[in-house]
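Below is one structure, written out as structure tokens, with a few remarks after it.
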Amino acid sequence: MTKLRFLSRKDSENINAATLEVLEKTGVAVKNDTATQLLRENGCIVESGIAKIPPSLVEELVQRTPASFTLFSRDGMDEHEVGGNNVLFNPASSSIYFKDSESGDIRKATIDDLTRFVQLVDCMENVGAQSTAMVPSDVPVSISDLFRLYIILKESLKPIITGAFSKEGLLDMKRILEVVAGGEDELAKKPRAVFDCCPSSVLIWGDVSTQNLIDCATHGIPAAIIPAPIVGATSPVTLAGTLVQHNAEVLSGIVIAQLTKSGTPLVYGGATSILDQRHGTSSIGAPEAVITACASAEMGKFYGLPTHAYLGVSDSKAVDAQSGYESAMGLLPAALAGINIVSGPGMLLSINCQSLEKLVIDNEICGAALRIRQGINVDGLEETPELIRSAGPGGNYLKEKHTRQHLRSEHIFPSEVISRISLDSWVGNGSKQSKDIARDRVDYLLKTHQPDSLPEDERKRMNAIMHEVITKYGIDVRMFSLPA
């Protein structure tokens, strides 16, 4: 297996030492009363909302965090181990915009856009998990986190990377996950989703994110701790300095979660971007962002934790050469670094816009990245001299049994989105570019896709919960197609 590393063991030790100093002497702002009380009761100094955490406590609680956990499909039949060097690709979450396939315009996302996106992810063989990829503009904010999860559970069997927008939202989302899992205890045994919990840079744990983290820990739901520092703006301009701050934000979250419930499953995550000082914009497709994301995941592995990063995201506003190279520049290192959860396929505009066409192209990049990661298998090399003798000078291997035996294991075969046809065939087929072929493939897959429907009893119970929550917030349930 081919591996990529940016940090030596000594580098990681130095970053760890600097991080422990930051947590002990500078501390983190914690705006949640429950967390503040937990920290104070366990030896932290808490003054004016700033918690200073002793190194010994950090080291003890990091050790309590499991090295891996299993994430399950909706029906509980398929499983994916999150940990080690396993890689699970999923689209990034919470974009506001959608790249319209017909007009090419970037516009506010809708329920229909999200539904089609979820259906398409279900067809992507190299994108193994769903995400609550968009915030539909035609859903009231108070229920939008829940509604996104509801759409995924209706349309797909794949496990889910998600997140809540409020304290109540996470608990409501937990309820509909319990429907498909068979109850609260079963959901804890076989989690169907990972919830993102995001501190704010610089060194702030807000009330909602902290309560989401506490509630995940309380109920045995895996949580990914995802700082989103902007290098040069909300974190130091040096990549090493950003790694220290990022590490402090993750480790402080681990402390809060493990104090809530020892042994709770957590993911060491991140969504690093850089500030382009020329334009005043954040760039997540920049090479520096890729390096920092991979290196921060290395710090997660240094602690023996499951890891996550936003990679494969592009700053481009179109499905073009820039989106292709930025996505590949992120997805390949992610696979080589063995990052366990990689969020990004399908995303444009720096985590703000989803594209169906980019998703199908990124699916091919994910497949290629996984193949490159496999490297070269030298088993059976002793057979090669005889194989070459059999072909002989001027011969070929087309009819060799060896070729038939090893073709599928050695070579991957991308879809027609990756053009390998002859020039004459390409011209004869209309000289289509990648984005045009991708659009054709989107249309084909959405027309032919047959989702695995929810069992009738689960559908009714989920709809009953949706009716209850929508009514609770004073929203007219007739806005949505929710049969009883």
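For the stretch 164-191, filtering for residues that are more than 17 Å from D457 (Cβ to Cβ), touching a helix residue (DSSP H, G or I) at 6+ places or on another chain (Cβ under 7 Å) and not acidic (D, E) leaves 11. If you filter the stretch 145-186 down to residues that are among the polar types (S, T, N, Q) and crowded, with 20+ Cβ neighbours inside 10 Å, you find that the one that is farthest from V121 (Cα to Cα) is T162. Any residue at all in the stretch 242-259 that is hydroxyl-bearing (S, T, Y) and either outside any helix (DSSP H, G or I) or surrounded by fewer than 24 Cβ atoms within 10 Å (Cβ to Cβ) (or both)? Scanning the stretch 242-259 turns up no residue that is hydroxyl-bearing (S, T, Y) and either outside any helix (DSSP H, G or I) or surrounded by fewer than 24 Cβ atoms within 10 Å (Cβ to Cβ) (or both). Scanning the stretch 403-430 for residues that are under 35 Å from the mean Cα position of the chain (by Cα), surrounded by fewer than 10 Cβ atoms within 10 Å (Cβ to Cβ) and part of a loop (DSSP other than H, G, I, E, B) gives H411, F413, R420. Residue check: S94 meets all listed conditions (1) at pLDDT below 95; (2) at negative phi but one, namely (2). Put simply, of A293, A318, A286 the only residue that is buried (at least 23 other Cβ atoms within 10 Å of the Cβ) and either free of Cβ contacts under 8 Å to residues at least 24 places away in the same chain or among the hydrophobic types (A, V, I, L, M, F, W, C) (or both) is A293. Got at least one residue in the stretch 273-294 being in contact with an Asp or Glu (Cβ under 7 Å, 6 or more places away or on another chain) and part of a helix (DSSP H, G or I)? No - not one qualifying residue is present in the stretch 273-294. Scanning the stretch 338-368 for residues that are of a type in the set (A, V, I, L, M, F, W, C), out of contact with any Leu (no Cβ under 9 Å at 6 or more places or on another chain) and not in a loop (DSSP other than H, G, I, E, B) yields L348, C353, I361. Scanning the stretch 370-387 for residues that are without any contact (Cβ under 8 Å) to a residue 40 or more places away in the chain and hydrophobic (A, V, I, L, M, F, W, C), we see that the one that is farthest from N90 (Cα to Cα) is L387. For the stretch 189-199, a residue qualifies if it is over 16 Å from R148 (Cα atoms) and either touching a Phe, Trp or Tyr at 6+ places or on another chain (Cβ under 6 Å) or crowded, with 16+ Cβ neighbours inside 10 Å (or both), and the qualifying residues are K190, P191, C197, C198, P199.
The residues of the stretch 205-231 that are part of a helix (DSSP H, G or I) and touching a residue at least 24 places away in the same chain (Cβ under 8 Å), listed by number, are D207, V208, T210, Q211, N212, L213, I214, D215, C216, A217, T218, H219. Taking A309 as the residue in question, decide whether it is outside any helix (DSSP H, G or I) and under 26 Å from P236 (Cα atoms). Considered against the rule, which asks whether it is outside any helix (DSSP H, G or I) and under 26 Å from P236 (Cα atoms), A309 comes out as yes. Among the residues of the stretch 185-204, those that are more than 23 Å from A295 (Cβ to Cβ), of a type outside the set (G, A, S) and not in a helix (DSSP H, G or I) comprise K190, P191, R192, F195.
Whether a residue is of a type in the set (G, A, S), without any contact (Cβ under 8 Å) to a residue 40 or more places away in the chain and at negative phi was assessed, and S103 passes this test.
Scanning for something surrounded by 21 or more Cβ atoms within 10 Å (Cβ to Cβ) and either modelled with pLDDT of 95 or more or farther than 20 Å from V442 by Cβ (or both), does the stretch 376-394 turn up at least one residue? Within the stretch 376-394, not a single residue is surrounded by 21 or more Cβ atoms within 10 Å (Cβ to Cβ) and either modelled with pLDDT of 95 or more or farther than 20 Å from V442 by Cβ (or both).
Between F165, F147, the distinction of being among the aromatic types (F, W, Y), in a loop (DSSP other than H, G, I, E, B) and more than 22 Å from A318 (Cβ to Cβ) belongs to F165 only. Taking T132 as the residue in question, decide whether it is at pLDDT 95 or above, hydroxyl-bearing (S, T, Y), surrounded by 15 or more Cβ atoms within 10 Å (Cβ to Cβ) and within 16 Å of the chain's Cα centre (by Cα). Spelling it out, T132 is indeed at pLDDT 95 or above, hydroxyl-bearing (S, T, Y), surrounded by 15 or more Cβ atoms within 10 Å (Cβ to Cβ) and within 16 Å of the chain's Cα centre (by Cα). Applying the condition of being among the charged types (D, E, K, R) and out of contact with any Ser or Thr (no Cβ under 8 Å at 6 or more places or on another chain) to the stretch 300-340 and asking which residue is farthest from D196 (Cα to Cα) yields D320.
For A188, the stated conditions hold: it is of a type outside the set (D, E, K, R) and more than 19 Å from the chain's Cα centre (by Cα). Tallying residues that are free of Cβ contacts under 8 Å to residues at least 40 places away in the same chain, surrounded by fewer than 24 Cβ atoms within 10 Å (Cβ to Cβ) and touching a strand residue (DSSP E or B) at 6+ places or on another chain (Cβ under 7 Å) within the stretch 111-129 yields 0. Only one of the listed residues (G300, G312) is within 27 Å of Y97 (Cα to Cα) and under 16 Å from the mean Cα position of the chain (by Cα). That residue is G312. With a requirement of 1 or more residues that are closer than 27 Å to P222 by Cβ and among the charged types (D, E, K, R), the strands (runs of 3 or more DSSP E) lying completely within the stretch 1-110 that satisfy it span 79-83. From the residues in the stretch 45-64 that are in contact (Cβ under 8 Å) with a residue 40 or more places away in the chain and over 26 Å from the mean Cα position of the chain (by Cα), which one is surrounded by the fewest Cβ atoms within 10 Å (Cβ to Cβ)? Here the answer is L57.
Return the residues of the stretch 300-358 that are more than 26 Å from S8 (Cβ to Cβ) and either of a type in the set (K, R) or touching a His at 6+ places or on another chain (Cβ under 6 Å) (or both); say none if nothing qualifies. Listed by number, the residues that qualify are K317, K358.
The values are calculated or read from the model by the stated rules, or taken from the named source; none is laboratory data. Because the structure is a prediction, the values reported are computed rather than measured. Ideal geometry is used to build each Cβ from the backbone, glycine not excepted, and the neighbour counts take in all protein chains shown.
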